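Here's the structure we're looking at; comments come further down.
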Amino acid sequence: MHKSMKRIISIAIVLIIILSGCLMQKQTAEEIYEVLEKVVVKEKIFEEQQTPLMSLEKQEKVLYDKIITLGMKEQKQINKLSDEALKLLDEREELMNKEQKSIIASKKEFKKIKALIKELEDPKVKKEADMLFDIMQKRYEAHDALYEDYMKSLSYDRELYQMFKVKDLSIDRLEDQVNKLNASYNEIFASNEEFNELTKKYNEQKTVFYKVAGFKIEK
C-alpha cells in the first residue's frame, strides 16, 4: 500500500515538473510573440513614410526634367525651379529621418527577444527563433546602409541644384556631378533591394516560428 502511494506520488511529481516546464516554455514563446507584435507597431511610422517619400521623389524628378530643358538664358526660371527642388529635398530628408527613427525604435524593442530565446528549451522552437533573430539583425544593418546611401545622395542632389543656379556652369562640372548622383542612385537601389529581400525573409521566418511555437496565424 505504501509502495503504491510512493509510486503515485513520484509520478505526480514528474508530471508537475513536465507541466511546469511546458508552461514556462509556452510563457516564454508568448513573451517573444508580444515583442514581435510590438515591433510591427514600432515600424508603422516607417511604413507611413513610403508613399509621401515616393511622391516627393516624383515631384523633384519633374522639376529636374524642366530645368535641363531650359536654356542658360532662362537663369531666373532655373533658379526658381532649383529652389523648389531644394525644398523638396528638405522634405525628403525629414521623412527619411522619421523612417530611420522608426527603425531604431523597432531595433530597440526587438533586442528584448535575445534573452528570451535563451530561455527556450524546445530545440526546434529555439532554432527557428535564432534564425529569426539573425535575419532581423541583417535587415537592420541593411536599412542602416540604405539610410546612409540615401542621405549621401541627398547631399549630391543639393550640390547639383546649387550648381544649376551658377551662371556659366561648365558642362564638365555638371557631368561629373550627374555621374556622382547616378552612382549614388545605384547604391540606393542595391541597398533597397537587399533590405526588401531581408524583410521578406524575416516575415517568412516569423510565420515559421509562430507555427512551430504553436501560434495560430491569421491569413
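What follows is calculated from the coordinates using simple rules that are stated; it is not laboratory data. Bear in mind the structure is a predicted one, so any value in this text is a computation, not a measurement.
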Cα extents of the range 100-219 along the three principal axes, largest first (Å): 71, 23, 23
Computed over the range 74-147, the ratio Rg/Rh where both radii use C-alpha atoms and Rh is Kirkwood: 1.36
The chain - mean residue ellipticity at 222 nm from DSSP helices (-39,500 (n - 2.57) per run, n ≥ 4, rounded to 500): -31500 deg cm²/dmol
Karplus (6.51, -1.76, 1.60) ³J(HN,Hα), θ = phi - 60°, over the range 103-116, in Hz, Gly and Pro reported as x: 5, 4, 5, 4, 4, 4, 5, 5, 4, 5, 7, 4, 5, 5
26 Å Cα-Cα reach of LYS80 towards lysines, excluding residues that sit fewer than 8 places from it in its own chain: LYS58, LYS61, LYS66, LYS152, LYS165, LYS167, LYS180
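If a/c stays under 1.5 just call it rounded; otherwise compare a/b with b/c (prolate if a/b is bigger, oblate if not). Do that for the chain, with a ≥ b ≥ c from the square roots of the Cα gyration tensor eigenvalues.
The shape class here is prolate.
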nm² value of the averaged projected area, convex hull over the Cα atoms of the range 134-204: 4.7
